[in-house]
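What follows draws every value from the coordinates through simple rules; no lab data is involved. Just so you know, these numbers come straight off a predicted model, no measurement behind them. Neighbour counts run over all protein chains shown; Cβ positions are idealised from the backbone, glycine included.
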């Protein structure tokens, strides 16, 4: 029996970059999501893997972001899930083939599953969305993990880690 997911969100490297770079296409959307989660005290996790990736582009995260998130380690349980996932790697090809970041993306998804969060927020529809969907098939505890693709725009239903708002169409 799987546990009810924790009302929390994992933030991917792409989300952090978009949040902190006002020149990025979906910056305003990332800010809205982050602000909603901060104001509503939704727990925000960032894998140490994502933080390390982010730090290859910048010296540090702004203090207000670093104080609002919890940087979590990639531990043995997450490694076990990532290994289970990678053993199915024939299913993990992105449309452009294997990316260099594939192994890290799988580790990030595995960490989100291990922490039993409600969602993983990211800006990568080509691979991260696909990996989350495939994790649903491969890892039983992944069934409740939602993908929040920032390019889909801000939606308060999604931000509250519920279902996106779908307007009534007559």
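Going 7 Å from the Cα of residue 71 toward and past its Cβ, which residues in the stretch 11-48 have a backbone nitrogen under 12 Å from where you end up? So the set is 46-48. A simple spin-label model places pseudo-atoms 7 Å from Cα toward Cβ; at residue 86 and residue 22 they are separated by 4.0 nm. Fully extending the segment from residue 43 to residue 133, taken as 0.36 nm per residue of separation minus the present Cα-Cα distance, adds 30.1 nm. Overall form of the stretch 36-87: oblate. Here a/c, set by the Cα gyration tensor axes a ≥ b ≥ c, is 1.5 or more, and a/b is not larger than b/c.
Annotation: the residues 50, 123, sorted from fewest to most other C-beta atoms within 10 Å of their own C-beta, follow the order 123, 50. In terms of its alpha-carbon gyration tensor, the stretch 1-75 comes out oblate; a/c meets the 1.5 threshold, while b/c is at least as large as a/b. Taken over the C-alpha atoms, the stretch 7-153 has Rg and Dmax values of 14.3, 41 angstrom.
Once C-alpha pairs closer than 8 Å and six or more residues apart are averaged by separation and normalised to the residue number of the stretch 6-159, the relative contact order reads 30 percent.
Order these by the 10 Å Cβ neighbour count, fewest first: 147, 47.
147, 47
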